[in-house]
């Protein structure tokens, strides 16, 4: 890639780490399938903020969801038989969760009760849902990744309408992961992890998609994961294989490269802080939350935080 102006380099610093008392030095079914049986004491994902500044994250292998205070204190909200990944708030009391094992689930953050929301499509189980985003009218876009990849480009992108209609928008994706919407909601950005790229998905007025193209190409052992958009329309990409967060302009040119500590696996991110100009990043390999401050706040969609 030839750039007239090379990107600025920034560093992600540790905000808080999971306390040792909450880590599990055991082998899980998830680690057997995804980490070659390696002991994985946690794998953090799905960061999202509530209205008072608490950060919620998932722990996929152990079916846990944590609330982290603005001071960095951890509180276990629930542990259940699932593999929770992405999250967004449906309303101030309920989180909607993409659960690889169970489909779409809700969590009442006050009681810790987890309930089914959409477990199956036409009586068929999903491959393994991953991440989600809402638009202003209440549509939910979510990815169904499973174990798809370049060997099996059968991952899916869905839209769930407020009336319950489920639309299959794409079914040929080699590992669909994070999703984000442009400010005008005419374009959806889709992280394609095992294709090591981000797709640009135009959303047409009739509800269909067309002229889907590859917007950005990365490199390394594991490609783009979580996505977010700021008020300038820049796309932020968590890239776990590199330990980076890319900040791309509207031409897909990197303006910033934000680097985590050595060995980081930067899986997902969310804007937070009083001005929403701080980004908080899950470092799944270390069980930590990283953060830094950017020059532009995060985009707000649907009256709530977009990421």
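Bear in mind that the values in this text are calculations on the coordinates, not laboratory data. This is a predicted model, so every value here is computed, not measured. When we count neighbours, we look across all protein chains shown, and the Cβ atoms used for this are built from the backbone with ideal geometry, even at glycine.
General observations
- DSSP finds beta bridges in the chain, and of those with both partners inside it, around 95 percent are antiparallel.
- Put simply, when 276-283, 71-78 are sorted by average Cβ atoms within 10 angstrom per residue, most first, you get 276-283, 71-78.
- Once the chain from residue 161 to residue 79 is taken as fully extended at 0.36 nm per residue, the excess over their C-alpha distance is 26.6 nm.
- Note on the chain: helix-only mean residue ellipticity at 222 nm, from DSSP H runs of 4+ residues weighted -39500 (n - 2.57) and normalised by residue number, equals -500 deg cm²/dmol.
- Here the spin labels are modelled as points 7 Å beyond Cα on the Cα-Cβ line, and at residue 183 and residue 208 they lie 3.0 nm apart.
- Pairs of alpha carbons in the stretch 180-228 whose separation is greater than 12 Å (percent): 61
- Solution diffusion estimate, µm²/s, Stokes-Einstein, the stretch 155-236, Kirkwood Rh from C-alpha pairs, 4 °C, viscosity 1.567 mPa s: 98
- Intensity falloff of the stretch 7-57 expressed as log10 I(q)/I(0), Debye formula with alpha-carbon point scatterers, at q = 0.14, 0.19, 0.20, 0.21 Å⁻¹: -0.58, -0.86, -0.90, -0.92
- Rg over Rh for the stretch 212-307 works out to 0.95, both radii taken from alpha-carbon positions and Rh defined as the Kirkwood radius.
- Counting every alpha-carbon pair across the chain, the share separated by more than 28 Å comes to 31%.
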